[in-house]
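Enquirer: Before anything else, here's the structure in question.
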């Protein structure tokens, strides 16, 4: 599964990338602090985008729109600092996960996003 991480905190992104790259079948193909570079990835197959929910509503919606235009079938997993901050009914995201989750919790949540073969 090819994964893109979008989060403002470089230390968090690099830590999450390192953890996910250790899990079989997971590959972080790109990480960035915003969607400005997404156009450079149009030729890469992306299955899942882990996106920081704390960007602010307008910027977050713009990032979602841009990502969906590049990869119409991509799934999203929101990275949330607080459980209460995500209102999943108002956005296209499939699910959310707390940023302080364990590696195993991330693995389980991401595997839930994979299509059933």
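Values in this text are rule-based calculations from the coordinates and carry no lab data. Just so you know, these numbers come straight off a predicted model, no measurement behind them. All Cβ positions, even for glycine, are placed from backbone atoms using ideal geometry, and neighbour counts span all protein chains on display.
Enquirer: Using a simple spin-label model with points 7 Å from Cα along the Cα→Cβ vector, what separation in nm is obtained for residue 9 and residue 43?
Expert: Rounded to a tenth, the inter-label distance reads 3.5 nm.
Enquirer: Here's something else I'd like to know. Compute the FRET efficiency between residue 105 and residue 18 as 1/(1 + (r/R0)^6), taking r as their Cβ-Cβ distance and R0 = 25 Å, and round to the nearest 0.05. Don't skip to the end; give the middle numbers.
Expert: Working: r = 16 Å, r/R0 = 0.64.
That gives a FRET efficiency of 0.95.
Enquirer: Cα-Cα pairs above 19 Å in the range 2-113: how many percent?
Expert: Details: 2363 of 6216 pairs.
Looking at the range 2-113, the distances longer than 19 Å represent 38 percent of pairs.
Enquirer: I would also like to ask the following. Using Cα pairs under 8 angstrom and six or more residues apart, how large is the relative contact order of the range 2-113, in percent? It would help to have the intermediate numbers written out before the result.
Expert: On the way: 155 pairs, mean separation 26.9, N = 112.
Reported relative contact order: 24 percent.
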